[in-house]
Amino acid sequence: MSNDIAVLLAKDAIGQRLRDYCRGMDRIDDDLARALWHPGGEALYEGIFEGTGEGFCEWVAEFHRGLVVTSHEIFNVSIRVAGQVATSETYVEVNLMRREGDKHILTTSHGRYLDRWSERGGRWAVDRRRYVRSFSIVREVDVVLGTSQPNRDDASYDINLDS
């Protein structure tokens, strides 16, 4: 296989892993979220969490279970591949809605995932993630909720070929 094709395949695998992570966060699908990291991979979410990727996923899943809805969107993904290692910078917007009495409070955070990746046994995953927050906005909102579910009862599992 040519190097150009190998780089494209690596970028595709890394991009899919990033998208799966966001889905895992929003569906509280622990296995899908944890698959972002190699075992023992570092998770450095400045001012929020420092530890392993597995530890972060456990911590954040418990936090997300107390929320009304979450939404993680990624964009402006830049990936550099050199053999079996890679780096990526991914812009992220995270929306977290909680209930306080009869009010809905929405926290919107913007930041970047700065990731170091490696391929082991044909699988690309993160060795080290650093989340750098740019800013957060917290506000009370009027909301009309849809049918999205933060679990495997969500409609996306009806069409997902991997489920």
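The values are calculated or read from the model by the stated rules, or taken from the named source; none is laboratory data. If you're wondering where the values come from, they're calculated on a predicted model, not measured in any experiment. Using ideal geometry, Cβ is built from the backbone for each residue, glycine included, and neighbour counts are taken over all protein chains shown.
When the residues of the range 54-109 are filtered to those that are part of a strand (DSSP E or B) and of a type in the set (Asp, Glu), which remaining residue is farthest from Pro150 (Cα to Cα)?
Glu89
List every residue pair whose Cβ atoms sit under 8 Å apart, with the two residues 6 or more apart in sequence or on different chains, where the first one lies in the range 65-88 and is among the basic types (Lys, Arg) and the second, anywhere, is surrounded by 14 or more Cβ atoms within 10 Å (Cβ to Cβ) and part of a strand (DSSP E or B).
Matching pairs, first to second residue: Arg80/Ala86; Arg80/Thr87; Arg80/Ser88.
Yes or no: Gly47 under 11 Å from the mean Cα position of the chain (by Cα) and not hydroxyl-bearing (Ser, Thr, Tyr)?
It is false that Gly47 is under 11 Å from the mean Cα position of the chain (by Cα) and not hydroxyl-bearing (Ser, Thr, Tyr).
Can you tell me which residues in the range 142-163 are in contact (Cβ under 8 Å) with a residue 60 or more places away in the chain and of a type in the set (S, T, N, Q)?
Ser148, Gln149, Asn151, Ser156
Which is of a type in the set (Ser, Thr, Tyr), modelled with pLDDT of 95 or more and under 29 Å from Lys103 (Cα atoms), of Thr52, Thr70?
Of Thr52, Thr70, the one residue that is of a type in the set (Ser, Thr, Tyr), modelled with pLDDT of 95 or more and under 29 Å from Lys103 (Cα atoms) is Thr70.
Taking only pairs six or more apart or across chains, which ones have beta-carbon atoms under 6 Å, a first residue in the range 129-141 that is touching a residue at least 12 places away in the same chain (Cβ under 8 Å) and closer than 13 Å to Glu46 by Cα, and a second residue that is surrounded by 15 or more Cβ atoms within 10 Å (Cβ to Cβ) and among the basic types (Lys, Arg)?
Qualifying pairs under 6 Å: Val132/Arg112.
Gln16 - would you say it is touching a helix residue (DSSP H, G or I) at 6+ places or on another chain (Cβ under 9 Å), under 25 Å from Arg123 (Cβ atoms) and among the polar types (S, T, N, Q)?
Spelling it out, it is not the case that Gln16 is touching a helix residue (DSSP H, G or I) at 6+ places or on another chain (Cβ under 9 Å), under 25 Å from Arg123 (Cβ atoms) and among the polar types (S, T, N, Q).
Within the range 1-47, track down each residue that is of a type outside the set (Gly, Ala, Ser), surrounded by fewer than 17 Cβ atoms within 10 Å (Cβ to Cβ), touching a residue at least 24 places away in the same chain (Cβ under 8 Å) and in a loop (DSSP other than H, G, I, E, B).
Glu46
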